[in-house]
Amino acid sequence: MTQSDAAPSGATNKGAWEALKEQGNQSFKTGAYLEAIQHYSAAIEANPVEAVLYSNRSAAYLKKGQYQQAAADAEKAVEIDNTFAKVYSRLHNALCNLGKFDRAIEMLKAGVAAVSASPRATPQDTKHLRELLMSAEQASKAVPRGRQLIEEGAMAAAGRTLAPAYREFPDCAVLAFLYAESHAASSPDEASKVLSPFAYAHSSDPHYLYLRALVLYYRGQDGFSSAQNILRETLQMDPDNAEARVLLKKIRAVEAHKDAGNNAFKNKNAKEAVDAYTLAIDCDPANSRMNATLRSNRAAAKMLLNDFKGALLDCDYAINNGATSAKVYARRSRIQEQLERFEDAVRDLQQAAEMDKQFEGELRQLKGRAKRAKRKDYYKVLSLPQKESNQDVIKRSYKKACLQWHPDKWANASEEEKSHAEVQFKEIGEAFGVLSDPQKKRLYDSGQMDNDVEGANMGSGGFGGASQEDFVNVMNMMFGGGGGGFHSGGFSSNGFHAGGFQPGGFGGMPGSAGGRRRPRGGPPSGFYQF
């Protein structure tokens, strides 16, 4: 027999009430708590001074979530026998879930004194009661501290303070409401689950209705309409409810700024749209889901202003905070492409196409542009307009690029700068090798020539597959054409070598032997010597 079974009884009809108690115990074990309550009630009628019967019925009431009845039975059991240690767990559970922490503390303190003085109590009984007392005391302190932190706006700290007590007493309305409020902004779905069990009992509670509206507000703009309906209902019940009035005003302000932004965007007034969306966001920076929608809209407006970096930041925020529609992924893809981040652009548009097939055609086109973008932009290397066809213009740009990046010009530069100059000079040769050859240029312009295709990179002669003699002739034509300039022995199979140019520099060029005086601002004497 358990300790509760051994509790003293003053019953005259012992067999009858014990049989009813046993029937109640069997029903309790099978989860038939209402049936158990009925058996225990019949037993109490037969023996109203047996503490264990009230304790057992209290346990059944706890399983049903009927804390008022559970607390009343537990207190009655303590009144009959204050040394009955087992009932204090039920008393603690019932009173704390009712939010009656002070009452629980008072009775547990008395229980510790009574049980510790009882000859039939064990040290474990006394230890357990002290733990129950500490639990009630901690919950009692958590409530005012959590409320203070919420008033200060320290929601994360409030949540941490309230969490242990809420997890122990999830049916305590005061704890649940504070915990939900502390999590409304950061985890509105979790806050909604916390509030849900109280919907029936607190359907006419203005504070509970305000919290429901608050959670809907933080779920994003899809919840705005329902939130406003609840807030209006709350204000009808309690016209002086300041928190409901403030929230309703905030929602209306956000919607007004958003509508202004949408109208400005439709009218192609991107700057005005960005400003309006920013005002909406500033109404509540903590509402991440609402701001995900607003920042996605603002990204579209920033694109019209060519602020692609700002637009990317807005799209990143939107996607990271729940705005994960195909439309938003496609928008970020277009931004990524403008920033020449083609792999990211393809990845985003792939996601959009998987969600909505209407983006499949755009994805195919993007993949083609991404493939072409992987090639070196030879027009850009020579500072030419795309698909420039005038060979004289190409040669002049080539000459200018050679003057800028010739290795001799960077002889006294740092090693890093020298290395960069050599790379640039090599790419200039590659670019000229392709763009000066009509056939290669046609292949390049049509996208049929990649970097790894023969002719796109420098051949063994060093420049676009052209022979060294061809390159010498081109350079002599461009840089003066006279004798004493380049010679075919001026290149090794790896490019330039120390004897690459005659000491006189380029034939006929300013600064070379016998040439005209170098114009002011031109390359210094000896610039082309190695």
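The values are calculated or read from the model by the stated rules, or taken from the named source; none is laboratory data. Bear in mind the structure is a predicted one, so any value in this text is a computation, not a measurement. No Cβ is skipped: glycine too gets one built from the backbone with ideal geometry, and neighbour counts run over all protein chains shown. The accessibility values were calculated without ligands, DNA or RNA, using every heavy atom of the protein model including side chains. Shrake-Rupley method; radii C 1.70, N 1.55, O 1.52, S 1.80 Å.
General remarks:
- Counting only helices (runs of 4 or more DSSP H) that fall entirely inside region 140-254 and contain at least 3 residues that are of a type in the set (D, E, K, R) and surrounded by fewer than 22 Cβ atoms within 10 Å (Cβ to Cβ), the qualifying elements are 155-168, 188-195.
- Among the residues of region 89-121, the ones that are touching a Phe, Trp or Tyr at 6+ places or on another chain (Cβ under 7 Å) and of a type in the set (A, V, I, L, M, F, W, C) come to 4 in all.
- Some residue of region 400-408 being touching a Ser or Thr at 6+ places or on another chain (Cβ under 9 Å), open to solvent by 60 Å² or more (accessible area, probe 1.4 Å) and free of Cβ contacts under 8 Å to residues at least 24 places away in the same chain: yes
- Summed over region 321-343, residues that are in contact (Cβ under 8 Å) with a residue 12 or more places away in the chain and either under 19 Å from Arg289 (Cα atoms) or open to solvent by less than 30 Å² (accessible area, probe 1.4 Å) (or both) total 14.
- The one condition from (1) open to solvent by 90 Å² or more (accessible area, probe 1.4 Å); (2) at pLDDT below 95 that Lys109 does not meet is (2).
So that you can scan it fast, the table gives a plain yes or no per residue for (1) of a type outside the set (Val, Ile, Thr); (2) modelled with pLDDT of 95 or more:
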site: Thr2; (1), (2): no, no
site: Ala7; (1), (2): yes, no
site: Gly10; (1), (2): yes, no
site: Gly15; (1), (2): yes, no
site: Gln26; (1), (2): yes, yes
site: Arg57; (1), (2): yes, yes
site: Ser89; (1), (2): yes, yes
site: Asn97; (1), (2): yes, yes
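- Taken over region 374-389, the criterion of being touching a residue at least 24 places away in the same chain (Cβ under 8 Å) and under 9 Å from Ala431 (Cα atoms) is satisfied by Lys376, Tyr378, Tyr379, Val381, Leu382.
- Just one of the listed residues (Tyr61, Tyr33) is over 30 Å from Pro123 (Cβ atoms), modelled with pLDDT of 95 or more and aromatic (Phe, Trp, Tyr), and it is Tyr33.
- Restricting the first member to region 97-124 and to residues that are of a type in the set (Phe, Trp, Tyr), and the second to residues that are open to solvent by less than 20 Å² (accessible area, probe 1.4 Å), the beta-carbon pairs closer than 6 Å and six or more apart or on different chains are Phe101/Ala136; Phe101/Ala139.
- Enumeration of residues in region 345-372 that are closer than 30 Å to Ala431 by Cα, open to solvent by less than 50 Å² (accessible area, probe 1.4 Å) and either without any contact (Cβ under 8 Å) to a residue 12 or more places away in the chain or assigned by the TED database to the domain that holds Asp437 (or both): none
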